[in-house]
1. Restricting attention to region 126-133, does a residue exist that is modelled with pLDDT of 90 or more and part of a loop (DSSP other than H, G, I, E, B)?
2. Quick check on region 169-215: of everything there that is in a loop (DSSP other than H, G, I, E, B) and among the small types (Gly, Ala, Ser), which residue is farthest from VAL152 (Cα to Cα)?
3. Determine the pairs where a residue that is at positive phi, located within region 250-262, has a partner that is charged (D, E, K, R) and buried (at least 16 other Cβ atoms within 10 Å of the Cβ) with Cβ atoms under 9 Å apart, the partner being 6 or more residues away or on another chain.
4. Checking LEU218 against (1) farther than 18 Å from PHE125 by Cβ; (2) outside any loop (DSSP other than H, G, I, E, B); (3) not small (Gly, Ala, Ser), which test does it fail?
5. Take SER209 and tell me if it is touching a strand residue (DSSP E or B) at 6+ places or on another chain (Cβ under 6 Å) and without any contact (Cβ under 8 Å) to a residue 60 or more places away in the chain.
6. Can you tell me which residue within region 29-53, out of those that are loosely packed, with under 14 Cβ neighbours inside 10 Å and not in a helix (DSSP H, G or I), is modelled with the highest pLDDT?
7. Among (1) in a helix (DSSP H, G or I); (2) closer than 18 Å to ARG109 by Cβ; (3) out of contact with any Phe, Trp or Tyr (no Cβ under 7 Å at 6 or more places or on another chain), where does ALA140 come up short?
8. Can you pull out every residue in region 124-139 that is among the charged types (D, E, K, R), on the phi < 0 side of the Ramachandran plot and in contact (Cβ under 8 Å) with a residue 24 or more places away in the chain?
Amino acid sequence: MRALEGRGISIVRACQLAGYNRSNLYYRRKHGDDPALKARLHELAQERPRWGWRRLFIILRRREGYDVGETRFLRLYRQLQLQVWPRKKRKVNYVRGALITSVAAPNERWSLDFMHDRLANGRQFRALTVSDDFTKECLALEIAHSLGSADVIRVFEAIAFERGLPKTIRFDNGSEFTSHKMLRWSAEHRVELHFIQPGKPTQNANAESLNGRIRDELLNLHSFTNIFDARDAAQTWRHDFNENRPHSALGYQTPKEFVERLEINTPSQLSAA
């Protein structure tokens, strides 16, 4: 083909005369699957079990520099059986409470939820997560073997010491939140409680999103020998999340940067006012 081109016949014309597919002329045999790429993909998928193929593909190409195309990546992804299957939706038996709208200011609404995990010895522990729906801050990540209504109220009051209580608190229909003690506390402090509909975790989307990050970036990466190790790691992760991790919903600012721009009043400023 090159010889014909040198004699004045273009490659395109020569392929047409010979009935040859021109794409075959430029084909170069690709190397086999890179074992290092497959190993790293499998490792990354284990670190980020809630991530689908798109996020894994972006991380490998943009941040880790793997030269892999989308088609080849998907083939490896399926070979390793890393597909993330959707969860089954639970049937809603009844509706309780009204749907709530978005927030427009800090400390307007907090979202809560519980998580469960196990220590290295198999003993179970619980984690209470509290987030501000507007600033996306993780206000608390409390870990203990058991957490009841009194513990939840204690966490509320510890947060309120620094920033005050919100107008509304949103959570599911767990017994810790529907107890008489919790209802009495909310009435005394004039905090409105919003319960999501049973079987509708997406109505508590901020808490579910935070839980997903905690699961992916903390609980799935560590095996804790005791409850004290878990608490120390949880507090380290919470500070890193608030101060160093960019949040897409905040224009890729960290929650701390977002709060500083809003110039939220401190308790001392509030008392001076």
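1. Kept after step one, since they are modelled with pLDDT of 90 or more, are these residues of region 126-133: 126-133.
Subset that is part of a loop (DSSP other than H, G, I, E, B): 133.
Yes, region 126-133 has at least one match.
2. To start, the set of residues in region 169-215 that are in a loop (DSSP other than H, G, I, E, B) comprises 172-174, 179, 190-191, 196-200.
If we keep only those that are among the small types (Gly, Ala, Ser) too, we end up with 174, 179, 199.
Details: GLY174: 12, SER179: 11, GLY199: 22 Å.
Going through the qualifying residues, I end up with GLY199.
3. none
4. The one condition LEU218 does not meet is (1).
5. Numbers: touching a strand residue (DSSP E or B) at 6+ places or on another chain (Cβ under 6 Å): no; without any contact (Cβ under 8 Å) to a residue 60 or more places away in the chain: yes.
So SER209 does not fit the description; no.
6. Per the criteria, the residue is GLY52.
7. It fails just one condition, (1).
8. Those that are among the charged types (D, E, K, R), on the phi < 0 side of the Ramachandran plot and in contact (Cβ under 8 Å) with a residue 24 or more places away in the chain: ASP132, ASP133, GLU137.
The values are calculated or read from the model by the stated rules, or taken from the named source; none is laboratory data. From a predicted model like this one, the values you see are computed outputs, not experimental measurements. Neighbour counts run over all protein chains shown; Cβ positions are idealised from the backbone, glycine included.
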